[in-house]
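Throughout, read-outs are computed from the coordinates displayed, never taken from laboratory work. The shown structure was predicted, so the numbers you read here are calculated from the model rather than taken from an experiment. Ideal geometry is used to build each Cβ from the backbone, glycine not excepted, and the neighbour counts take in all protein chains shown.
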Amino acid sequence: MKETIKGVIKKMLPVESGTAKSSGNEWKKQCFVVANNEGYEGKEQIFCFEVFGADKVDNLSKYNKEGDLVEVSFNISTNEWNDKYFTSLQSWKVAKIEGAKIEEVKEDLPF
């Protein structure tokens, strides 16, 4: 399933890396959080996307930073492991939205 979301990059998480057990190949991934106010009655929504592969990870931090207004194209996928299911939002394109007015993303406090 292919989707797109527009919002502000709220947080860039640390780069993760390792070695695949099956192939011995090195891997690299990075997650980033995008927020918008398109939830029910304008409430903030947050989405945690991941990019996988050294080139994609390098380009993510090279061209994007926290506070940028972006449109993220992504695939939704779910994997099963030991009868548990894990869903991820795998980003394949992050396009900065230039010249657009960035409206501040409000945080709803529980009190």
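Couple of notes before you dig in:
- Breaking point among (1) surrounded by 12 or more Cβ atoms within 10 Å (Cβ to Cβ); (2) free of Cβ contacts under 8 Å to residues at least 12 places away in the same chain; (3) of a type in the set (A, V, I, L, M, F, W, C), for VAL34: (2)
- Look at segment 41-69: where a residue is free of Cβ contacts under 8 Å to residues at least 40 places away in the same chain and over 11 Å from GLN30 (Cα atoms) and a partner is assigned to a strand (DSSP E or B) and polar (S, T, N, Q), sitting 6+ places away or on another chain with Cβ atoms under 6 Å, you get GLN45/ASN36.
- Qualifying strands (runs of 3 or more DSSP E) (wholly inside segment 1-41; at least 3 residues being within 10 Å of the chain's Cα centre (by Cα)): 2-12, 26-36
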